[in-house]
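Peer 1: Once you've had a glance at the structure underneath, I'll fire off some questions.
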Amino acid sequence: MDSIAFSVVLVAAIVLALSGLRVANQYQRAVVFRLGKLRGTRGPGLYWLVPFIEWQQTVDLRTITASVDKQETITKDNVPVKVTAVIWYSVTDPVKSVVEVREVDRAVIQVALTSLRNIIGRHSLDDVLKDQERLGADMRAAVDLATEPWGVKVVRVEMRNVEIPESMQRAMAQEAEALREKRARIIKAEAELEASQKLKDAAGLIMEKPAGLELRRMQMITEVGAEQNTTTIIMMPSEFVTAASAIAQWAGRANQPTGPASV
């Protein structure tokens, strides 16, 4: 009878001892409490807890990706916007994440919501649309400062989507169209200025060497003939034009009336 009781006690002791065995993965840590008092962390790997006296809370140390719900806020220049953000964070101190705050994941999201509203409110709409990287860095620093006492490290924050009113979208589209038209006109004016400068340089070269004008005329005749059209071009040497101009000037002087004869 005594042997049977001993066997039962032995089996119960073995079962009780085995029930205290726990296994934590490489990316997990177990925060252990004994009768409500913190005893430290265990893991990774195999470890043992005193049954009915010690219990644990497992913490994941991997980077967590959380989406911040769409928030409607007002920018510095009083434009309502709806912003959606994504935050990446990880637990660096398992003990603080369990002891210092309740539901650490929910607490991090709430801090991110508050920081998002505050940062958007301190910047204009142009900053929100054009400088999202800097705003994300400011938001990461603000959230990281608030969550540091909880043993949480914020790795990155990005604005995933920014929605603005339709009236503001139309105004921005008109502004963008006006800017594109302005750039087009400036480019066209610069091209005309450059072309006129080239023509001026070409005219100067032709004045220095009139034979260049004859070559240009011959080239134009060749280009017209290659098009197989019925256009007829009569070319006159530049000497004829010069001679005609000299004759016209001489005839003008000859036709001028002479003054009265002196007495």
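Peer 1: Enumerate the aspartates and glutamates that Lys70 could reach by cross-link, defined here as Cα to Cα under 17 Å, with residues fewer than 8 away along the same chain left out.
Peer 2: Within the straight-line limit of under 17 Å, Lys70 reaches these aspartates and glutamates: Glu158, Glu163.
Peer 1: Using the Cα centre as the reference, give the magnitude of the dipole from point charges on the C-beta atoms of segment 107-148 (Lys, Arg: +1; Asp, Glu: -1; all else neutral), rounded to the nearest 20 debye. Can you show the working numbers first?
Peer 2: On the way: 5 positive and 7 negative charges, 25 e Å.
My answer is approximately 120 debye.
Peer 1: If each of Val11 and Gln57 carries a label point 7 Å out from its Cα toward its Cβ, how far apart are those two points in nm?
Peer 2: Computed distance between label sites Val11 and Gln57 equals 3.8 nm.
Peer 1: Taking the Cα atoms of segment 12-57 alone, what are Rg (to one decimal) and Dmax (as a whole number) in Å?
Peer 2: Calculated on Cα positions, Rg and Dmax stand at 10.7, 33 Å.
Peer 1: Still on this model: Taking the Cα-to-Cβ direction at Tyr27 and at Arg122 and moving 7 Å from each Cα, how far apart do the two end points lie in nm?
Peer 2: Result for the modelled spin labels: 3.3 nm.
Peer 1: If you scale each eigenvalue of the Cα gyration tensor by 5 and take the root, what three semi-axes come out for segment 72-130, rounded to whole angstrom and sorted largest first?
Peer 2: With the √(5λ) rule applied to segment 72-130, the semi-axes are 30, 10, 8 Å.
Peer 1: Would you work out the charge dipole size for segment 39-167 about its Cα centre, treating the Cβ of every Lys and Arg as +1 and the Cβ of every Asp and Glu as -1, and quote it to the nearest 20 debye? Kindly include the intermediate steps, with their values, before the conclusion.
Peer 2: Values: 17 positive and 19 negative charges, 70 e Å.
It works out to roughly 340 debye.
Peer 1: Give the accessible area for Ile247 in Å² (nearest 10); use a 1.4 Å probe, count only protein heavy atoms, and leave out ligands, DNA and RNA.
Peer 2: Approximately 110 Å² for this residue.
Peer 1: I need the per residue convex hull volume for segment 88-207, using only the alpha carbons, in cubic angstrom as a whole number. Write out the running numbers ahead of the final one.
Peer 2: Numbers: hull volume 17.1 nm³, N = 120.
Normalising the Cα hull of segment 88-207 by residue number yields 142 Å³.
Peer 1: Further question on the same structure: In nm, what is the difference between 0.36 nm times the number of residues separating Gln197 and Arg170 and their Cα-Cα distance?
Peer 2: Fully extending the segment from Gln197 to Arg170 adds 5.6 nm.
Peer 1: Oh, and also: Would you list which lysines come within 22 Å of Lys76, measuring only between C-alpha atoms, while excluding same-chain residues fewer than 8 positions from it?
Peer 2: Reachable lysines: Lys130.
Peer 1: Sticking with this structure for a sec: Run down the lysines and flag those whose C-alpha is under 22 Å from the C-alpha of Lys96, throwing out any fewer than 8 positions away in its chain.
Peer 2: Lys37, Lys153
Peer 1: Once Lys and Arg get +1 and Asp and Glu get -1 on their Cβ, which of Ala178, Trp150, Ala203 lies farthest toward the positive end of the dipole of segment 130-210?
Peer 2: Ala203
Peer 1: Would you list Lys153, Lys188 from the most to the least accessible area, probe 1.4 Å?
Peer 2: These residues rank, largest area first, as Lys188, Lys153.
Peer 1: Which distance in nm do the two modelled labels at Asp69 and Ser245 give, with both placed 7 Å along the Cα-to-Cβ direction?
Peer 2: Between Asp69 and Ser245, the label points sit 8.5 nm apart.
Peer 1: Let me ask you something else. Apply 1/(1 + (r/R0)^6) to the Cβ-Cβ distance of Ile187 and Asp131, taking R0 = 30 Å, and write down the FRET efficiency to the nearest 0.05. Don't jump to the answer; show the numbers that get you there.
Peer 2: Working: r = 27 Å, r/R0 = 0.91.
Rounded to the nearest 0.05, the efficiency is 0.65.
Peer 1: Counting pairwise Cα distances across segment 111-172, what percent come out greater than 18 angstrom?
Peer 2: When all Cα pairs of segment 111-172 are counted, 39 percent exceed 18 Å.
The values are calculated or read from the model by the stated rules, or taken from the named source; none is laboratory data. Remember, it's a predicted structure, so these values are computed and weren't measured experimentally. Ideal geometry is used to build each Cβ from the backbone, glycine not excepted, and the neighbour counts take in all protein chains shown. What goes into the accessible areas is simple: the full protein's heavy atoms, side chains included, and nothing from ligands, DNA or RNA. Shrake-Rupley method; radii C 1.70, N 1.55, O 1.52, S 1.80 Å.
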